[in-house]
Ligand SMILES: [Zn+2]
């Protein structure tokens, strides 16, 4: 028996995600921001003030920027592992599936953490899926304590 993959699988996956997905927020790390409280020593590439209270003397700081993306979200429930395609998810875990685009890939690769349904999660694992070409990313998240 020969299995044919329709050429529009990515389109179908997108349609499903748009229908049942919801927005999540990825906090993306943005680095290389100039400190507003001191000035740069161009020779050392450090602050002219080694005791700057804002940057601590490094001059270059980083922050996070909100990136909102539509995702298909699966949240772990109660104490029971919940079987999903490809494995089980435990309480305090979430699995999000998002479209594979350059912007989404950048956000995932520079993610500090994720906000899903008001809870904060840390990135645990990323897998890239799609036949024949990668068209989506499935990211396993662990709920951040506290
Ligand atoms: Zn500074």
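Just a few scattered comments:
- Residues in region 26-47 that are surrounded by fewer than 14 Cβ atoms within 10 Å (Cβ to Cβ) and within 9 Å of the ligand (Cβ to nearest atom): 34, 36, 37, 39.
- Of the residues making up region 41-56, just one is under 16 Å from residue 31 (Cβ atoms) and without any contact (Cβ under 8 Å) to a residue 12 or more places away in the chain, namely 56.
- In region 4-23 there is at least one residue that is more than 9 Å from the ligand (Cβ to nearest atom), in a strand (DSSP E or B), at pLDDT 85 or above and closer than 30 Å to residue 98 by Cα.
- Of the residues in region 73-87, at least one is at pLDDT 90 or above, within 16 Å of residue 23 (Cα to Cα) and assigned to a strand (DSSP E or B).
- Region 13-27 residues that are more than 17 Å from residue 117 (Cα to Cα), paired with ones that are exposed (fewer than 12 other Cβ atoms within 10 Å of the Cβ) and modelled with pLDDT of 80 or more (beta carbon under 6 Å, 6 or more apart): none
The values are calculated or read from the model by the stated rules, or taken from the named source; none is laboratory data. Fair warning: this is a prediction, and the values are worked out from it, not measured in the lab. Counting neighbours? That spans all protein chains shown, and the Cβs are built from the backbone with ideal geometry, glycine included.
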